[in-house]
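Structure first, then comments.
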Amino acid sequence: MSITLNEAEIVCLRKLAELYENGTPMWQFNNDWESIGLTSETFLPVLGMLKEYGFIENVTHMSSTRFAVFGVSPAAVQAVREIEANIEAKKVKSQEGKDYVESLKLTLKRHPATAWTFIIITAIGFLAVLVHNVMAVLQDFHIIDR
């Protein structure tokens, strides 16, 4: 199953993974949703999704608030590492630039008329260069006059 997280879920997941890596695998609500990157409006759907994916566990709900206490799963740390690796891979790929050879191959496969035109123009150019170079060699050896 592929997991897709929105921006608020990613921010919260990063903060929870940081807590876990710093030796705090449990989180308790103290009127500070902001400490894990949430607001009073976003905490319920975000934490609900993170629980559904298994990133938080052992959830305790209180009468005053849901998700009052919960544990951070090691899966949260692994998910953040994967997210960071994907972001880094996208950066590297975007910095590589466009692959012009692959782009040309794809264009020629899709449009046979364009492919034949490209081949004919390339062949004419090759022949012109060949004739020019042969003529230059013949002139250098004085086989033909200038």
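The values are calculated or read from the model by the stated rules, or taken from the named source; none is laboratory data. A quick note: this is a predicted structure, and the numbers were derived from the prediction, not measured. Heads up, the Cβs are rebuilt from the backbone with ideal geometry, glycines too, and the neighbour counts pull from every protein chain shown.
Within the option set 21, 9, being among the charged types (D, E, K, R), touching a Pro at 6+ places or on another chain (Cβ under 9 Å) and either in the same structural domain as residue 84 (by TED's automatic domain parsing) or touching a residue at least 40 places away in the same chain (Cβ under 8 Å) (or both) holds for one residue only, 9. The single residue among 105, 91 that is loosely packed, with under 11 Cβ neighbours inside 10 Å and not acidic (Asp, Glu) turns out to be 91. Limited to the range 82-126, what total is found for residues that are within 20 Å of residue 14 (Cβ to Cβ) and without any contact (Cβ under 8 Å) to a residue 24 or more places away in the chain? So the count comes out to 9.
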